[in-house]
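Report on one structure; see the data block that follows.
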Amino acid sequence: MSSDPNCVFCKIIEGKIPSRKVYEDEDLFGFHDIAPWAPVHFMLVPKKHIASMAQLTPEDSALMGKIMTLAPKLALEQGCRPYPDGGYRVVVNTGAEGGQEVHHLHVHVMGGPRPWLRG
């Protein structure tokens, strides 16, 4: 598994920086955002260091599929209400102009009462 010694998310995955873990398996790590935008706000990150969505390759298809099918399950476990009355938002910022602040691919999952919803 590749990692970047200067990447904050790689350090979180390795346990060098504490986090509030939501999920972990051989491929993925999930943890609560330290500056949440919603009552439920966590991130899913691959353990393999991939800088952004722009660096994904066809070999990463299964990994991304796993993230996208795990997100709904974890959203409900973390307190989001079920569809259609409840729900959650899944966001992937890509690159500086896309709002990406940490250059390790991460998928935000946010939900809860709507006042947090922005644009």
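The values are calculated or read from the model by the stated rules, or taken from the named source; none is laboratory data. Model, not experiment: these values are computed from the prediction. Positions of Cβ are backbone-derived with ideal geometry, glycine not excepted, and every protein chain shown enters the neighbour counts.
Screening residue 70 against (1) farther than 17 Å from residue 104 by Cβ; (2) modelled with pLDDT of 95 or more; (3) aliphatic (A, V, I, L, M); (4) out of contact with any Leu (no Cβ under 7 Å at 6 or more places or on another chain) leaves a single unmet condition, (4). Residues in segment 32-45 that are surrounded by 19 or more Cβ atoms within 10 Å (Cβ to Cβ) and under 18 Å from residue 13 (Cα atoms): 41, 42, 43, 44, 45.
Of all the numbered requirements in (1) touching a strand residue (DSSP E or B) at 6+ places or on another chain (Cβ under 9 Å); (2) more than 17 Å from residue 105 (Cβ to Cβ), residue 82 misses one, and that requirement is (1).
Within segment 78-92, the residues that satisfy the criterion of being in contact (Cβ under 8 Å) with a residue 12 or more places away in the chain and either part of a loop (DSSP other than H, G, I, E, B) or out of contact with any Leu (no Cβ under 8 Å at 6 or more places or on another chain) (or both) are 78, 79, 80, 81, 86, 87, 88, 90, 91, 92. Only a single item in (1) hydrophobic (A, V, I, L, M, F, W, C); (2) part of a loop (DSSP other than H, G, I, E, B); (3) surrounded by 12 or more Cβ atoms within 10 Å (Cβ to Cβ) is not met by residue 29, and it is number (2).
In the condition set (1) farther than 20 Å from residue 25 by Cα; (2) within 15 Å of the chain's Cα centre (by Cα); (3) among the small types (Gly, Ala, Ser), residue 95 is compliant with all but (2). Summed over segment 1-26, residues that are assigned to a loop (DSSP other than H, G, I, E, B), of a type outside the set (S, T, N, Q), on the phi < 0 side of the Ramachandran plot and modelled with pLDDT of 95 or more total 8. Here segment 2-20 is the region considered, the condition is being without any contact (Cβ under 8 Å) to a residue 40 or more places away in the chain and out of contact with any helix residue (DSSP H, G or I) (no Cβ under 9 Å at 6 or more places or on another chain), and the residue that is nearest to residue 76 (Cα to Cα) is 20.
Exactly one residue among 54, 38, 62 is assigned to a helix (DSSP H, G or I) and in contact (Cβ under 8 Å) with a residue 24 or more places away in the chain, and that residue is 54. The condition of being among the hydrophobic types (A, V, I, L, M, F, W, C) and touching a helix residue (DSSP H, G or I) at 6+ places or on another chain (Cβ under 9 Å) holds for only one of 74, 105, 63, that being 105.
Taken over segment 46-72, the criterion of being surrounded by fewer than 16 Cβ atoms within 10 Å (Cβ to Cβ) and among the aliphatic types (A, V, I, L, M) is satisfied by 54, 62, 68.
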